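The values are calculated or read from the model by the stated rules, or taken from the named source; none is laboratory data. Fair warning: this is a prediction, and the values are worked out from it, not measured in the lab. Cβ placement follows ideal geometry from the backbone for every residue including glycine, while neighbour counts extend to all protein chains displayed.
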């Protein structure tokens, strides 16, 4: 079972993505967060394999989350999240935030207007250690 954290400030997006992800039974949306600070708390609590992360949110945006996760990867405090991989969940593929997120260590990006199979494929591939670009076969 692949555990996923959904991070988006729009409830309808989280609900829809959860429904799509859990359709086949091998992916569990273990938790949801509405902003970056809550996302970090949920990463600590649930240790998801994959985080689907909206880059544009209030309180702390997705880039801030990526920076903190990267800091924790090299932190010796014991709060390491080496196995947590991030897929940016964006409305725009050409968004500067998407490119920044990839430079900060995101494993890929998923467009919000993709077909219903894409989010599941993205989670599976990223959980296996591969990268993902929305629209990939």
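Looking at the stretch 1-39, which of the residues that are surrounded by 20 or more Cβ atoms within 10 Å (Cβ to Cβ) and in contact (Cβ under 8 Å) with a residue 40 or more places away in the chain is nearest to residue 57 (Cα to Cα)? Write out each step before concluding.
Pass one, the stretch 1-39, residues surrounded by 20 or more Cβ atoms within 10 Å (Cβ to Cβ): 4-8, 14, 17, 21, 27, 29, 33, 36, 39.
Still in the list and also in contact (Cβ under 8 Å) with a residue 40 or more places away in the chain: 4-8, 17, 21, 27.
Values: 4: 18, 5: 15, 6: 13, 7: 9, 8: 7, 17: 17, 21: 22, 27: 25 Å.
Among residues in the stretch 1-39 that are surrounded by 20 or more Cβ atoms within 10 Å (Cβ to Cβ) and in contact (Cβ under 8 Å) with a residue 40 or more places away in the chain, the one nearest to residue 57 (Cα to Cα) is 8.
Among the helices (runs of 4 or more DSSP H) contained in the stretch 1-104, which hold 1 or more residues that are within 18 Å of residue 118 (Cβ to Cβ) and modelled with pLDDT under 90?
Details: elements: 11-21, 36-46, 62-74, 96-103.
Here the list reads 96-103.
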